[in-house]
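Novice: My questions all concern the structure below.
The values are calculated or read from the model by the stated rules, or taken from the named source; none is laboratory data. Quantities reported herein were computed from a predicted structural model and do not represent experimental measurements. Quick reminder, even Gly has a Cβ in these numbers, built from the backbone with ideal geometry, and neighbours come from all protein chains shown.
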């Protein structure tokens, strides 16, 4: 299933890149995907989901690792794009996200080290993991939005918009969507941190530990809180908003995935 998902993602990405960079992309008035493209992307998401299920769930236990976390994040991100495509033209977002999803779909098969999660049979624990992954995925989508917005803004300043960026919604629409994603993700991240602080014993089977993972998670929360406050009080937008978004996302990556990568790949400990 890993290979099937990666092949479908990569095939769609290649098609989108070739058609849009050559100017052969069809005009669509409603949504950015044709029926066959949407069906293939759904098939890729389904294959990816089945591969993740086999990686994460082993009977009553749950396995997790940095590779699984990244794979889940990209799966949720592409699923969000699939849904978003019903309402807006987002070809540029798909062309950036699909190659990343293709790589992410293969990661659990390449980096097989994983650790068993404690209290995996607890509903509260599974909800905590789900909310955390949703928050990560929404921030991933926001980061991709921010990078495309930065590229589009730079192209507009130079007076020449590449075909790749021409399919994007207007910058104002992108910015509205960016902050909508950040607001929802910020609420989910806040719930994740609160549940981790207050219910660590029941969720993880041990008392709360203030470590580097916690520091980076709190740093990310503070960055996004400052961004939202700045947006509300001072109308932050453009390059300022994009820099804060990418900084917060970088801190969030270091909070869990960075620490798990060091432990599993560099130090060889699951």
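Novice: Within segment 51-104, restricting attention to residues that are under 27 Å from residue 213 (Cα atoms) and assigned to a loop (DSSP other than H, G, I, E, B), which residue is modelled with the lowest pLDDT?
Specialist: Checked segment 51-104; the qualifying residue modelled with the lowest pLDDT is 60.
Novice: Can you tell which of 194, 182 is at pLDDT 70 or above, over 28 Å from residue 112 (Cβ atoms) and more than 16 Å from the chain's Cα centre (by Cα)?
Specialist: 194
Novice: While we're here: Count, please, the residues in segment 110-142 that happen to be modelled with pLDDT under 75 and either touching a strand residue (DSSP E or B) at 6+ places or on another chain (Cβ under 7 Å) or under 28 Å from residue 81 (Cα atoms) (or both).
Specialist: Residues meeting the conditions: 5.
Novice: Let me ask something else. Name every residue in segment 10-34 that is modelled with pLDDT under 85 and not in a loop (DSSP other than H, G, I, E, B), in order of residue number.
Specialist: 16, 17, 18, 19, 20, 21
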